[in-house]
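This report refers to the structure that appears directly beneath it.
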Amino acid sequence: MALTFAERRQKWDVKLSPFGFISPYFLIFGVFGLFPLLYTAFVSLQKRNLIDAEGATFIGFGNYEQLLFHDPYFWNAMGNTVSLWLLTTIPQILFALGIAHLLNRRLRGRMFFRMGMILPNITSVAAVTIIFAQLFGRDFGLVNWVLSWFGAGQIDWQAGTASSHTAIAAMVVWRWTGYHALIFLASMQAIPSSMYEAATLDGARGWQQFWRITVPLLRPQIIFSTVIATTGNMRLLAEPLLFNPGTAAATGGSDRQFQTAALYLYEQGFAKYDFGYSSAIALILAVATMLVAGLSYLVTRRIQTD
């Protein structure tokens, strides 16, 4: 028996409606995600000036060859990026776990402290960087003033590699620790209290309960926060750029001591207008970020399993 028009329409509606519901996501991803990625890959194969697109010439993998085998500044930037990743990601997760554990206790004004944890995250990154640059100032910085109580001299935080990385890491950790702490806190509140009561009856103390019960049950959230922190910290730009404002801000210090890969991309693309070379840097940085994020996931998972 032949189906009527209404029955055929209903049949096709059942089959195609799910695709229609999810199509906006794929359209937005295609326009703002996939197309820029493919276009960047296309431009990376060219010798192309940002303000003279019509004068572009195809050079194949020449940008990648120059970048990987003949550019020491790129590898210096990658080394700084990995260093800052280690100095920011690990403290973020550890501090966030500790703060979430404290806020999960019965404290006066818990809601006030919980709300306060997200304030650094919603603060403008430019404002945070400028304030921290003043705090870590060589002559009149608050940090050097406090260190002078202990006999330390005036530290030029921007001059050295270790000192500048420490200052920039402090900005990032201060700004993002509260975000991860709230994620951990929400997960801690979902842990049944009966598990802690049983552990108390077995003689487990607070520290033992934290490491034996809380941390293992937070494994998915710890992995999520580690991956999110890794992808963000591998692409630091505003913090090193504004830490040393001026005409040479894009170089990340006089000796490029805190120039990250993202900042080197900015220098090549928007200071030297080498659009093709900066596009190659962007793709290599994207691949490196995915590799480091995958490594972070495996390490975190292994630690949690052990």
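When ALA204, ALA199, ALA190 are screened for being free of Cβ contacts under 8 Å to residues at least 60 places away in the same chain, open to solvent by less than 50 Å² (accessible area, probe 1.4 Å) and in a loop (DSSP other than H, G, I, E, B), only ALA204 passes.
Residues checked against (1) within 20 Å of the chain's Cα centre (by Cα); (2) of a type in the set (S, T, N, Q):
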| residue | (1), (2) |
| --- | --- |
| THR251 | no, yes |
| SER254 | no, yes |
| GLN268 | no, yes |
| ALA271 | no, no |
| GLY276 | no, no |
| ILE281 | yes, no |
| ILE284 | yes, no |
| VAL287 | yes, no |
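Being open to solvent by 20 Å² or more (accessible area, probe 1.4 Å) and either assigned to a helix (DSSP H, G or I) or aliphatic (A, V, I, L, M) (or both) narrows it down to one of PRO220, PRO245, PRO240, so name that one. Talk me through it step by step, then tell me what you get.
Numbers: PRO245 fails: either assigned to a helix (DSSP H, G or I) or aliphatic (A, V, I, L, M) (or both); PRO240 fails: open to solvent by 20 Å² or more (accessible area, probe 1.4 Å).
Testing whether each residue is open to solvent by 20 Å² or more (accessible area, probe 1.4 Å) and either assigned to a helix (DSSP H, G or I) or aliphatic (A, V, I, L, M) (or both) leaves just PRO220.
Taking into account only those residues within region 149-162 that are surrounded by 12 or more Cβ atoms within 10 Å (Cβ to Cβ) and not hydrophobic (A, V, I, L, M, F, W, C), which is modelled with the lowest pLDDT? In this case the residue turns out to be GLN154. Residues in region 267-288 that are open to solvent by 10 Å² or more (accessible area, probe 1.4 Å), over 12 Å from PHE74 (Cα atoms) and not basic (Lys, Arg): PHE270, ALA271, TYR273, ASP274, PHE275, LEU283, ALA286, VAL287, ALA288.
Among the conditions (1) open to solvent by 40 Å² or more (accessible area, probe 1.4 Å); (2) at pLDDT below 90, THR300 misses just one, which is (1). For region 174-185, filtering for residues that are open to solvent by less than 60 Å² (accessible area, probe 1.4 Å) and within 26 Å of GLN209 (Cβ to Cβ) leaves 8.
For VAL215, state whether it is over 30 Å from LEU135 (Cβ atoms) and of a type in the set (Val, Ile, Thr).
Numbers: over 30 Å from LEU135 (Cβ atoms): yes; of a type in the set (Val, Ile, Thr): yes.
Taking the combined requirement at face value, the residue satisfies it.
Could you check region 18-31 and list, in sequence order, the residues that are surrounded by 10 or more Cβ atoms within 10 Å (Cβ to Cβ) and small (Gly, Ala, Ser)? Within region 18-31, SER23, GLY30 qualify. The test for being open to solvent by less than 50 Å² (accessible area, probe 1.4 Å), farther than 19 Å from PHE243 by Cβ, modelled with pLDDT of 85 or more and β-branched (Val, Ile, Thr) does not hold for ILE168.
Considered as a group, the residues in region 130-142 that are among the hydrophobic types (A, V, I, L, M, F, W, C) and buried (at least 19 other Cβ atoms within 10 Å of the Cβ) include one that is nearest to GLN92 (Cα to Cα), and that residue is PHE132.
The set of residues from region 84-123 being in contact (Cβ under 8 Å) with a residue 40 or more places away in the chain and closer than 21 Å to ALA293 by Cα comprises LEU84, TRP85, LEU87, THR88, THR89, PRO91, GLN92, ILE93, PHE95, ALA96, LEU97.
The values are calculated or read from the model by the stated rules, or taken from the named source; none is laboratory data. Quantities reported herein were computed from a predicted structural model and do not represent experimental measurements. As a convention, Cβ positions derive from the backbone with ideal geometry for all residues, glycine included, and neighbour counts pool all protein chains shown. Remember, those area values only see protein heavy atoms, side chains included, never the ligands or the DNA or RNA. Shrake-Rupley method; radii C 1.70, N 1.55, O 1.52, S 1.80 Å.
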